[in-house]
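Data first, discussion second: the structure below is written as C-alpha cells.
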Amino acid sequence: MSTQPKAIVVIFGATGDLAKRKLFPSLYKLYKANKLSDDFAVVGVARGDMSNDDFRQSVIRSTDKIVKGRKDINDFASHFYFQAADVTDKESFDKLQTLLHKLDGEYQTEGNRMFYLAMAPEFFGTICENLKSSGLTSTEGWSRVVIEKPFGHDYVSAKELNDQIGRVFTEDQVYRIDHYLGKEMVQNITVIRFANAIFEELWNNQYISNIQITSSETLGVEDRGRYYESSGALLDMVQNHMLQMVALLAMEPPINLTRDEIQSEKVKVLRALRPFTEEEVDDYFVRGQYGNGYIEDRDVIGYREESNVDPNSTTDTFVAAKLMIDNYRWAGVPIYIRTGKRMKEKSTKIVIQFKDLPMNLYRDKNHPHPNLLVIHIQPDEGMTLHLNAQQRTGKEDSLPIQLHYCSNCDDKMNTPEAYERLLYDCLLGDATHYTHWDEVSISWKFVDTISKAWNKNKEVHFPNYESGSMGPAASDELLARDGFFWWSVANRPSNS
Ligand SMILES: NC(=O)C1=CN([C@@H]2O[C@H](COP(=O)(O)OP(=O)(O)OC[C@H]3O[C@@H](n4cnc5c(N)ncnc54)[C@H](OP(=O)(O)O)[C@@H]3O)[C@@H](O)[C@H]2O)C=CC1
Ligand SMILES: O=C1O[C@H](COP(=O)(O)O)[C@@H](O)[C@H](O)[C@H]1O
C-alpha cells in the first residue's frame, strides 16, 4: 500500500470553522511531511460563490498559524478547487461530478475519493444520498466518507442516520471520526498497557483502586450555542470521547492490532458498562452548568448569558460520573469521568490509582501516597509514574517521587495533530482509530438513559459552578462517598 496515497478529497463545508481550523492545516502538514502524493486534489464545497484563487487564499490563511514564510504554500494551495453547491440541490452534484472527472485526469488520482462531511449533521444523510444518485460513489478507485460528530443525538436518530449512510456506503467505507482517537497519548493507551509487562499484570481489580478521567476546558461555548443547547456536555463529550477512552483503558488485549479485533474488544467493554435505570442516574451522574467567573486573567459571563443560549437553559456544560464495568477484570473498580467547559485548566488526563499495600512499613498515615500512573493526553503528552522511593531523614516515612515521560514537552509542533493523523489514516484505508457503528450504537443506548432522566427532571439549580473552578461540589462528593478524591496532578513533575 502506498504511503503517499493518490486521491481527491472533497470537503463539504469548506468555508466553515472545522475546515479552516483543522482540515486545511492538517492537509498542509501531511503535504509538508511528504505523506501526500503529488497526485492529490482537494475540492471545497459550500454555497457561497468563490473563485479558485479566493478559495486558495482562504486555505493559505488557515495555515498561517502553522508555518511562517512557507515557500511551498502556493504549490500546496494550487491543488485546491472550489465548487459552489447547495448540498440539498441534486443538480449541484452533477457539476461536482464533472469537476471530479476533470481532476481525476489532471492528477491521475485513479478515481480515489474521500468525501469529508464537515457540515451540520442534518445534512449528512442528504449528502450521502445525493453522492450516490449522482454516481459520485461509482468510481474505479476507492471511495470513503468521513462523518463528523455528532453522529445523531440519540440512539434512534443515530440508527436512522447510519441506515441512510448504509444505503450508500458499506461499513468499511464509513469513517466516523472521533478526533480524540487521533491524539498521540490516546493512541498510546493500548501501547502502555500491552507493551509493558509491569502494567498488564496489574491492570485489574486486584491491584487498581479506581480510575479517573478528566477532560476539562477553559473555553466556554463560544459561538456554538445553537448546537450546544441541544447537546450539552453529555452528548458533546461523554457519548464519544470519554466513553472511547474508557473502552481503550478497560479493553482486553486484542488477538492482534487489526481494526476489527481492537473494535471487537472495545465493544465488549461498552456492553459490560453497568446500565442505570432513570431513577438511579443521579446516584451515578452529576450535571453542572457554568456561571460567571474569572478565568485566564479575565472576567467571563455564565453560560446562560452566552449568545444563542436560553436565559433559563438547563443544558449541562459539565458532567461527572461513576461508571462500573461488570466483568471479571473490573468488577468493583469505579471509573470516574468528568468533563466540562469554563473549568480551571485546559487538560485531559487519566489517573490510574493503585491499591495500597496491605501493610506499608513506610506509610505516612497522614499523607497517603498510593502509586499513580498518570497518562497526560493534553496539553502535555506523556505519562508520570508516582512512586514512593526516598526515606525522609530521621523518619520512617517515605517520600513520593515521580518518573515523568513527556513526548511533546520539547517540541509541541512535532506531534502530529489528531486530525492530521486521522485524515492520513482514512487516505490509507486504515479505520483502526475511527469508530465502528457497534461502538456508536452502544454508547448512544447507554447515554440515552441519562439524557432521558435529565430531560424529565429540569429542576436543577443552575448555574452551579463558577467559571475557573473544577466543577460543582457534587462532583467531589461523588468520589468522597467512596473514600476517594479527584487527583489534581500537575502537568509536570514536582517534588511535592
Ligand atoms: N468546529 C469545530 O470545532 C467542530 C466541528 N465539528 C463538526 O463539524 C461539522 C462542521 O462544523 P463547523 O465547521 O463548525 O460548521 P460551520 O457552521 O462553521 O460551517 C458549516 C459549513 O457548511 C456550509 N453549508 C451550510 N449549509 C450548506 C448547504 N446547504 N450546502 C452546502 N454547504 C453548506 C457552510 O458554508 P455556506 O453557508 O457558505 O454554504 C460552511 O462551509 C459539524 O458537524 C460539527 O458538529 C465537530 C467537532 C468540532
Ligand atoms: O468534539 C469536541 O471536542 C472539543 C474539545 O476537543 P479538544 O481536542 O480541544 O480537547 C470540544 O471543545 C467541543 O465542544 C466538542 O464538540
Original post:
Scanning region 67-99 for residues that are in contact (Cβ under 8 Å) with a residue 40 or more places away in the chain, away from ligand 1 (no atom under 16 Å from the Cβ) and not in a loop (DSSP other than H, G, I, E, B), which turns out surrounded by the fewest Cβ atoms within 10 Å (Cβ to Cβ)?
Top reply: ILE73
**OP:** Tell me which residues, restricted to region 215-224, are over 19 Å from ILE350 (Cα atoms) and modelled with pLDDT of 95 or more.
**Re:** LEU219, GLY220, VAL221
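When the residues of region 33-59 are narrowed to those that are assigned to a helix (DSSP H, G or I) and surrounded by fewer than 17 Cβ atoms within 10 Å (Cβ to Cβ), which ends up nearest to the chain's Cα centre (by Cα)?
Among residues in region 33-59 that are assigned to a helix (DSSP H, G or I) and surrounded by fewer than 17 Cβ atoms within 10 Å (Cβ to Cβ), the one nearest to the chain's Cα centre (by Cα) is GLN57.
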Original post:
Pairs under 8 Å by beta carbon, first residue on the phi < 0 side of the Ramachandran plot in region 172-198, partner in a helix (DSSP H, G or I) and of a type in the set (S, T, N, Q), six or more apart or different chains?
Top reply: ASP178/ASN240; ASP178/GLN244; TYR180/ASN240; TYR180/GLN244; LEU181/GLN187; LEU181/GLN244; VAL186/GLN244
Original post:
ILE165: within 26 Å of VAL238 (Cα to Cα) and within 16 Å of ligand 2 (Cβ to nearest atom), yes or no?
Top reply: no
**OP:** Check off (1) surrounded by fewer than 21 Cβ atoms within 10 Å (Cβ to Cβ); (2) away from ligand 1 (no atom under 12 Å from the Cβ); (3) over 24 Å from ASP310 (Cβ atoms); (4) not acidic (Asp, Glu) for SER157 and give me the number that stays unchecked.
**Re:** (3)
Subject >> Given (1) more than 22 Å from GLN97 (Cα to Cα); (2) within 7 Å of ligand 1 (Cβ to nearest atom); (3) of a type in the set (Phe, Trp, Tyr), index of the condition TYR28 fails >> reply: (2)
Subject >> Failed item, numbered, when GLN164 is tested on (1) of a type outside the set (Phe, Trp, Tyr); (2) more than 14 Å from ligand 1 (Cβ to nearest atom); (3) crowded, with 21+ Cβ neighbours inside 10 Å; (4) not assigned by the TED database to the domain that holds ARG421 >> reply: (3)
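Give, as residue ranges, the helices (runs of 4 or more DSSP H) completely inside region 220-306 that count at least 1 residues that are more than 16 Å from ligand 2 (Cβ to nearest atom). Can you show your working first?
On the way: elements: 225-229, 243-250, 259-272, 281-284.
Ranges flagged: 243-250, 259-272, 281-284.
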Subject >> Evaluation of ALA321 against (1) among the small types (Gly, Ala, Ser); (2) in contact with a strand residue (DSSP E or B) (Cβ under 6 Å, 6 or more places away or on another chain); (3) within 16 Å of ligand 2 (Cβ to nearest atom) (one fails), failing number >> reply: (3)
Subject >> In region 414-435, residue nearest to LYS29 (Cα to Cα) [restricted to those that are away from ligand 1 (no atom under 16 Å from the Cβ) and outside any helix (DSSP H, G or I)] >> reply: PRO416
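The values are calculated or read from the model by the stated rules, or taken from the named source; none is laboratory data. Bear in mind the structure is a predicted one, so any value in this text is a computation, not a measurement. In this analysis, Cβ positions are derived from the backbone assuming ideal geometry, glycine residues included, and neighbour counts consider all displayed protein chains.
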